[in-house]
1. Cα centroid distance between the stretch 81-99 and the stretch 1-35, in Å?
2. Rounded to the nearest 5, what is the percent of antiparallel bridges among the DSSP beta bridges in the stretch 2-98?
3. The list [x] 93; [y] 154; [z] 115 gives values of volume of the Cα convex hull per residue in Å³, and only one came from this structure; which label was calculated from it?
4. Using just the helices of the chain, give the 222 nm mean residue ellipticity in deg cm²/dmol: DSSP H runs with n ≥ 4 each add -39,500 (n - 2.57), and the total is spread over all residues, rounded to 500.
5. Please state the shape class of the stretch 1-55: rounded when a/c is under 1.5, otherwise prolate if a/b exceeds b/c and oblate if not, all from the C-alpha gyration tensor.
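Computed from the coordinates by the stated procedures, all read-outs in this text should not be read as laboratory data. Bear in mind that the values here come from a model prediction, so they are computed numbers and not experimental data.
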């Protein structure tokens, strides 16, 4: 089980760090009653943070069980998407670049 967090590549690094932390918590809170969260918490709760371009970000917004995050200090710009943990992921997730 993995939780994916996608950060837009134009977000300054400091805000990206905050967005990743907020995204993890937001996804946990939004999906706390889901079986996937309970299973994820029972084992190692892996998180994968990726940096995506604008097109990848827009495509990712169409996938189910996600939470979209904005940053007020950046004029409420969309900065991250966090997904409920799952075993199987749509094909594009295999190609997203890890945030380094």
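1. 12 Å
2. Counting DSSP beta bridges with both partners in the stretch 2-98, the antiparallel share is about 65 percent.
3. Checking each listed value against the structure points to [x].
4. So the calculated ellipticity at 222 nm is -10000 deg cm²/dmol.
5. It is prolate, given that a/c is not under 1.5 and a/b is the larger ratio.
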